Amino acid sequence: VVPLDRNNRILVHQGLLRMRQGHTRPGIRALAEVGKRDLTQLSAQDLGFAIGPRLNAAGRLQDMSVGIRCLLADNVATARSLAQELDGLNKDRREIEQGMVAEAELLLAQVSKTDDAKGIAVYHERFHQGVVGIVAGRLRERLHRPAIVFADSSEGAVGEIKGSARSIDGLNIRDVLDTIATRYPGLLIKFGGHAMAAGLSLKRVHFERFRNIFAEVVAELVSEDALSAKCFVDGGLSEQELTLDTVQSLFNAGPWGNGFPEPAFCDDFELISQRVVGEQHLKLVLRKEARLIDAIAFRQPPLAQETKRLRVVYRPARNDYGNTATLQLIVEYIEPLA
């Protein structure tokens, strides 16, 4: 999440060049293998979405030293063994996360006027403290509302719950918590963080009171404009531009990341077919003029069967599944047209 300003972008670019040339620790190489990433084509997104989560899974579910030992391993055999352990922990983390998101959405559905709440807070005694931040991020993405997810404290404090908050652009979540702490002394045991993410602790018996206060304070501090999700695009691509050459050109222009976002494009397509893969992702076949194009939308429920045309915000990508590389669109947003 560190912004890719001039200095950071140089550092990331140079680091990636060395990794692609094989000048890297055995642990990084092993993590790329278990993450099914080609080291010679490694990108900043691969670090953020394949290697990083596996390292983080150890600290979230078990002992962070597993990830450290993997990075410090001097030989490939040891690194691979530790990378496999991290991969297993990451799969466990994903299963826990999916269960918690489903449970959280069920809890929200049971709360009256949830759709009107500007800020969302949920707690369940079965929630895992190591994953609450990820789940808060998922709720924030789905509902475009600042979200806090609580779990029982793992530090032995009886009756205490710990929450992890994720915010939206235009709302400083730490300022929200500071306002609550000032107005209601003693409600929060402790809190800290920054504009987009924060952590806090409170007594479990105070959760319902906190949930209502949080929604009220967010409503005071957030603008209606900030609660409307926005998607910025770089125009559309012609049928002739939807090629692997375009994908390579965008790859060469990276690294992309926070503060230096990868270009996203928007076009209308005819929907040819759809199917669910991996339990929660939608695999699509789209038509643009005479061209059939594969696409995938992550964590996207199936579209209505009568849907014929779509407006899609996407990023062109390379799909190396099978023996031949093909073009695939990574879908950021879908809007049925008919």
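The values are calculated or read from the model by the stated rules, or taken from the named source; none is laboratory data. Model, not experiment: these values are computed from the prediction. Glycine gets a Cβ as well: all are built from the backbone with ideal geometry, and neighbour counts include every protein chain shown. Calculation scope for accessible area: heavy atoms of the full protein, side chains included, ligands and nucleic acids excluded. Shrake-Rupley method; radii C 1.70, N 1.55, O 1.52, S 1.80 Å.
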Qualifying residue in segment 224-233 (condition: surrounded by 13 or more Cβ atoms within 10 Å (Cβ to Cβ) and under 16 Å from LEU327 (Cα atoms)): no
Test: residue in segment 93-103 that is open to solvent by less than 40 Å² (accessible area, probe 1.4 Å) and at pLDDT 95 or above: no
Residue count, segment 305-325 (criterion: farther than 28 Å from ARG94 by Cβ and either of a type in the set (Lys, Arg) or open to solvent by less than 50 Å² (accessible area, probe 1.4 Å) (or both)): 4
Long-range neighbours under 8 Å by Cβ, at least six apart or interchain, first residue closer than 23 Å to ARG94 by Cα within segment 276-300, second of a type in the set (Gly, Ala, Ser) and surrounded by 14 or more Cβ atoms within 10 Å (Cβ to Cβ): HIS281/ALA297; LEU282/ALA297; LYS283/ALA295
Residue match in segment 239-258 (condition: farther than 27 Å from THR326 by Cβ and open to solvent by 60 Å² or more (accessible area, probe 1.4 Å)): yes
Subset of segment 70-129 (residues that are under 17 Å from ALA57 (Cα atoms), under 18 Å from the mean Cα position of the chain (by Cα) and free of Cβ contacts under 8 Å to residues at least 24 places away in the same chain): LYS91, ARG94, GLU95, GLY99
Residue that is modelled with the highest pLDDT, among those in segment 279-304 that are of a type in the set (Lys, Arg) and open to solvent by 60 Å² or more (accessible area, probe 1.4 Å): ARG287
Test set (1) farther than 21 Å from PHE298 by Cβ; (2) open to solvent by 20 Å² or more (accessible area, probe 1.4 Å); (3) modelled with pLDDT of 90 or more; (4) not acidic (Asp, Glu) - ARG140 fails condition number: (1)
Within segment 5-56, considering residues that are polar (S, T, N, Q) and out of contact with any Lys or Arg (no Cβ under 9 Å at 6 or more places or on another chain), the one farthest from VAL247 (Cα to Cα): ASN7
Selection status of ARG275, loosely packed, with under 14 Cβ neighbours inside 10 Å, out of contact with any helix residue (DSSP H, G or I) (no Cβ under 9 Å at 6 or more places or on another chain) and under 18 Å from VAL233 (Cβ atoms): no
Those residues of segment 171-214 which are within 24 Å of the chain's Cα centre (by Cα), open to solvent by 60 Å² or more (accessible area, probe 1.4 Å) and closer than 15 Å to ILE161 by Cβ, in sequence order: PHE191
